[in-house]
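Below: the structure, in structure tokens.
The values are calculated or read from the model by the stated rules, or taken from the named source; none is laboratory data. Treat the numbers as computed from the prediction; the structure is a model and nothing was measured. Here the Cβ positions follow ideal geometry from the backbone for every residue, glycine too, while neighbour counts run over all protein chains shown.
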Amino acid sequence: MNLRQHWYKWVATIFLLYVVLGGLFLPLKPGITGLSPVKITSGGTQLLRINVYNAPWLKENAFGDEKIGNGKFQIPSKVILVSKGTVGRWETNEVKFSGDHGQLLANIDFTMGESKLENAYYSVFVELSNGKYLGLPDAVYVERAVGDTVGKSTFLNKPSEHINNDREIFEMSFPNRTVLNESVRNLFYHVPMWFAMLALLAIACWYAVRYLRFGDLQDDIFADSMVRVGILAGILGCITGATWARVTWQSWWPAADPKLNGVAIGMTMYLAYLLLRSTLTDPYQRARITSVYSIFIFPIFIALIAIMPKLSPNSLHPGSGGTVGFNKYDLDSTMRLFFYPAVIGWIALYYWIANLRYRIALIKEKQLNA
Amino acid sequence: MKQTITEQFDANAAEQLAQHNLMNAVYAVLIIIFVGILLYLFRLDRKVSKIEKQS
């Protein structure tokens, strides 16, 4: 095999092997996945149950090491509740273990008393013995009890030091995001489908221009193959996205999301391309009309799935609406280490398939002419 | 410490939350992609067979 001619096949093979294996087997960072109760009435001690996923203290126990708490191993030392915009907090040093799944128990005295505290959502943090934090934003709603108006508040009215949950410490593990949890790995499989579709459609657009410029039917067949395999990537992107949305956004197709609406229109335009192509029989007429159509809809497709969601006020997808994407909160260094190879690998694989389809269509075309 | 009924309920809910594992979504997505690509490859394969028969 000539390496220069087949380089993208090797890129697809090696990169995807790396991405699939790494994406499946690398562990997730510990994180708080749940809490109960989620609503607390003040004026007394409340037992909080905090579920910690991939709890570091469980992991260390599994190795049979007894040096827990010497700074190297992480055990919970404090549970802290902080609300937005306040300078104080509820906290306790009494943290107990419970259950096999990394559940923590913390007794906190919630007394509002004569203080001017208002009902609010509080973020929960578990401080670990090595100074790191596990956090869950806006996890608990604390509400004043009817009789809780006298006496001293247990709310600590001291300026709390900044709790930094996103420290830049490089570890080979994926970030544990609220809601996403383990499914954050789908970033390497669902998102590159769209990158691949866009790449193939862009190539198709380029070859459609080439056809109109030079009139070579080979260019048209190449562009057609790219569009068809691009549509395959798009369909797989839709189905995988729906699967992912079902478990995280609790809906197969949350219709309020601007990105989904854009994709629905965009995919219909490309399905119309297939329809248009199948109705025309004269190869030159078909090539000319579908080339123009392909060039015409590609920028509209980009606008629908990339630009419109950015302009709209809100979206569930990162990188659109008010939400951020591709910054340090969405993509940490471990994610980047797998996401970029995934994009390149999937594009190479789809290009490879499209190229096979092109060669088959070319042979068929030559047979028809012979 | 004796647990009240509410506390027991909370414990069960918490346990369920802890076991709720989204890894299955990742497996499902990977399987969908590979099945989709394989189906397309089978279609291509059929096309090649047809051409082979004609020549």
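A few remarks follow.
- Test: residue in the range A:73-88 that is at pLDDT 85 or above, part of a helix (DSSP H, G or I) and of a type outside the set (Ser, Thr, Tyr): no
- For A:Gln250, the stated conditions hold: it is closer than 25 Å to A:Ile265 by Cα and more than 9 Å from every other protein chain (Cβ to nearest Cβ).
- Test: A:Gly43 is of a type in the set (Gly, Ala, Ser) and more than 30 Å from A:Tyr121 (Cβ to Cβ): no
- Residue list for the range B:1-51, restricted to those being modelled with pLDDT of 90 or more, more than 24 Å from the chain's Cα centre (by Cα) and more than 7 Å from every other protein chain (Cβ to nearest Cβ): B:Asp45, B:Arg46, B:Ser49, B:Lys50
- Index of the failed condition, A:Ile305 passing every other in (1) among the β-branched types (Val, Ile, Thr); (2) at pLDDT 95 or above; (3) under 18 Å from A:Gly237 (Cβ atoms): (2)
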